[in-house]
Amino acid sequence: METVTGLLRERLRQRGLAIETARRAQELERAALHARLSALQAQVEPHFLFNTLANLKYLIRTDPERAQGMLDSLVGYLQSALHDMRAVSSTLGRELALARNYLSLMSVRMGPRLRFRIDAPDDLLAVPMPAAMLISLVENAVKHGLERATRPGTVTIAARAEGGALRLHVNDDGVGFTDQAGQGFGLSNIHERLALLYGGAASLTVSGAPEGGVEAVLTPPLAATGA
């Protein structure tokens, strides 16, 4: 009887583990799907595309060289964005390219009010990471930080390897930390996906920066698959 009871308990334990694994997989797929749909909505929303194309139309008539640069950034941005819509995982290099093209577009639209810097070592560009997280933080920095400011500002993206984790800093020196900065597009989804993917091994913090503006720090583990 003890042997039979032990076997039954072990089978029940294994079944419980299988059910829990399947549940987590379903939750992860749901969260990833929501992220892709949300990112798609933000990246191809009519307001964004209308403003970009209106600027492009104006520049074609007044400044063909800047128009060509804006068109190149738009094509690169849409190509990267469409890849993110089809994939759950990505690489740091691909996500930085998406952010660079987005910021290039916005710098043409906003003129001298927006500057940006990207600092990432070449040996980290192939590191896997989840898709559509970094761009959400960058969009928040522009929308909630610099577009609301009446003075020129800068968005800075920096990537470092530290303590077995990839540390991504997105800083802006805009209007400062507000409720909107902490509740912007995609932040709740990022928290949910990080928890599902890595448990307590990853984090996202958004806070007021010491020099003004807002700092977001995304920290997924370096050994992760980026799924």
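Could you identify the single residue in Asn55, Asn51 that is modelled with pLDDT of 75 or more and either loosely packed, with under 15 Cβ neighbours inside 10 Å or in contact with a Ser or Thr (Cβ under 8 Å, 6 or more places away or on another chain) (or both)?
On inspection, the qualifying residue turns out to be Asn51.
Would you check if there is a residue in segment 104-126 being under 14 Å from the mean Cα position of the chain (by Cα) and crowded, with 16+ Cβ neighbours inside 10 Å?
No, segment 104-126 contains no residue that is under 14 Å from the mean Cα position of the chain (by Cα) and crowded, with 16+ Cβ neighbours inside 10 Å.
So which residues in segment 86-123 are of a type in the set (D, E, K, R), under 17 Å from His144 (Cα atoms) and modelled with pLDDT under 90, if there are any at all?
Arg109 - this is the single residue of segment 86-123 that is of a type in the set (D, E, K, R), under 17 Å from His144 (Cα atoms) and modelled with pLDDT under 90.
Consider segment 127-178. How many of its residues are surrounded by fewer than 17 Cβ atoms within 10 Å (Cβ to Cβ) and touching a strand residue (DSSP E or B) at 6+ places or on another chain (Cβ under 8 Å)?
Looking only at that region, the number is 8.
The values are calculated or read from the model by the stated rules, or taken from the named source; none is laboratory data. Just so we're clear, the structure is a prediction, and the values are computed from it rather than from any experiment. Neighbour counts run over all protein chains shown; Cβ positions are idealised from the backbone, glycine included.
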